[in-house]
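Encoded as structure tokens, the structure appears first; notes follow it.
The values are calculated or read from the model by the stated rules, or taken from the named source; none is laboratory data. As the structure is a computational prediction, the values presented were derived from the model and not from experiment. No Cβ is skipped: glycine too gets one built from the backbone with ideal geometry, and neighbour counts run over all protein chains shown. To get the accessible areas, we keep the full protein, side chains included, count just its heavy atoms, and leave off ligands, DNA and RNA. Shrake-Rupley method; radii C 1.70, N 1.55, O 1.52, S 1.80 Å.
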Amino acid sequence: MGNSVNRAWCEYEVRRYLVGQGWELVAPSEIVSVVWPVVAAQSLQREAATKRVQTLAWQQYGIQLHNACCDPADTVRYERAWHELRALLVKQVTRYTANSYQQEEVVQIALLKLHKRFQKRGLDAPQTIYLFCRQTLKHSAIDWGRSDKTVRGKEVEWDDEGEGEEGSYERPMIDESALPVEDRVTNEDTRQRLTAFFAEHLPTDLQRVVAQAHFIDGLAPAKVARLLSKKPHEVRLTKARVVKKLRNLSPVAQQQLLQLLRGEVPDEG
Amino acid sequence: MKGKWLAPWQQLLLYMERETPAGICLPHLEALPLFVTDELAGKKVDSLHSAFAYHLDTCATCLQEYFDLTEWTLETLYV
């Protein structure tokens with residue numbers, strides 16, 4: 001098959017992917033019929049095309065799975081769909097507890113929530129079903145943990161209505177040319193100190209570059225991604241690691257950073 | 001900083017200083033699965049989900065949730 005990206009290759013990749021996931025509800029050919037036209041139009045190299053195929057496959061399969069879960073009239077598909085969802089939850093619940101009794105309880109709670117949710121109405125974005133189920137499982141584990149400790153916690157009513165609004169993403173940014181000179185000098189001083197701080201405290205080149213580009217130069221993740229030839233989610237994940245690292249610094253280092261960010265004069269000695 | 005100007009590093013200050021109450025985050029967290037799904041599908045999420053993208057810029061809790069869900073998706077749904 002070489003390195004070419006063609007329909008035969010796409011069929012092979014989809015089949016391999018579905019078998020690897022243990023998903024049997026939808027025939028691979030149905031997924032390929034949606035995935036291939038999208039991939040064919042993008043002229044991707046093999047590695048990028050593989051990722052694209054897998055992304056489209058889980059999202060398209062997710063839509064079919066969701067629709068089957070919401071259609072009890074088609075008994076065979078309905079039962080198969082819920083069987084697959086249960087299998088996913090059983091596999092994932094081990095992340096939250098090693099106790100088999102607790103695992104079963106948490107899975108049951110999650111399944112009940114999902115049944116209730118899908119009976120009421122389906123997801124507005126059915127392609128998100130796997131992520132929605134993961135979040136439901138996570139919150140079920142939290143709720144179970146609370147009830148087990150006889151602490152009444154608020155049960156999270158999980159919904160998917162937050163579909164986001166289209167609009168411009170304008171981060172409030174400074175217009176340096178409008179600032180007095182002394183503020184521009186202060187900004188430059190802060191930039192230099194922050195750069196040095198990141199160099200000292202962030203463990204990888206990528207984290208330092210992303211921190212500089214995002215928190216000093218003010219570039220959005222998508223723009224940083226283009227500059228670094230990465231995907232936006234890779235930059236956002238790196239940014240999350242940077243924030244976690246900085247929030248977990250020693251109290252002394254955190255204080256230094258806070259003073260820097262607030263434009264305060266650092267303590268000497 | 002004077003007035004209403006917001007330097008890029010002030011976003012980091014929000015992450016460092018602010019503990020967002022859970023009630024504030026909940027509606028944003030409901031948008032998280034679609035945000036991650038669309039981002040991995042190559043959509044321009046900064047404009048498609050601008051409110052959530054902006055919230056991610058200010059809330060360390062939601063940024064961590066984003067991290068957890070995206071990592072989970074990459075580990076579980078990609079081979």
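Flag: A:V19 matches the condition of being at pLDDT 95 or above, among the β-branched types (V, I, T) and over 18 Å from A:C133 (Cβ atoms). Contact map, the stretch A:220-237: first residue more than 18 Å from B:H49 (Cα to Cα) and open to solvent by 70 Å² or more (accessible area, probe 1.4 Å), second residue modelled with pLDDT under 95 and part of a loop (DSSP other than H, G, I, E, B), Cβ cut-off under 9 Å, separation 6 or more or different chains; pairs are A:L227/A:L219. Residues that are modelled with pLDDT of 60 or more and buried (at least 18 other Cβ atoms within 10 Å of the Cβ) occur at least once in the stretch A:144-159.
With the requirement that a residue be touching a residue at least 12 places away in the same chain (Cβ under 8 Å), closer than 24 Å to A:V38 by Cβ and either more than 7 Å from every other protein chain (Cβ to nearest Cβ) or among the polar types (S, T, N, Q) (or both), what does the stretch B:38-73 give you? Correct list: B:T70, B:T73. For A:A68, are the conditions met, namely being open to solvent by less than 50 Å² (accessible area, probe 1.4 Å), away from every other protein chain (no Cβ under 14 Å) and either at pLDDT 95 or above or within 19 Å of B:V79 (Cβ to Cβ) (or both)? Yes: the conditions hold for A:A68. Of the residues A:Q207, A:Q192, the single one that is assigned to a helix (DSSP H, G or I), open to solvent by less than 30 Å² (accessible area, probe 1.4 Å) and either free of Cβ contacts under 8 Å to residues at least 24 places away in the same chain or more than 12 Å from every other protein chain (Cβ to nearest Cβ) (or both) is A:Q207.
When the residues of the stretch B:9-31 are filtered to those that are more than 7 Å from every other protein chain (Cβ to nearest Cβ) and among the aliphatic types (A, V, I, L, M), which remaining residue is least open to solvent (accessible area, probe 1.4 Å)? Once the filter is applied, the top-ranked residue is B:L29.
Among the residues of the stretch A:105-136, those identified as more than 9 Å from chain B (Cβ to nearest Cβ) and not in a helix (DSSP H, G or I) are A:R121, A:G122.
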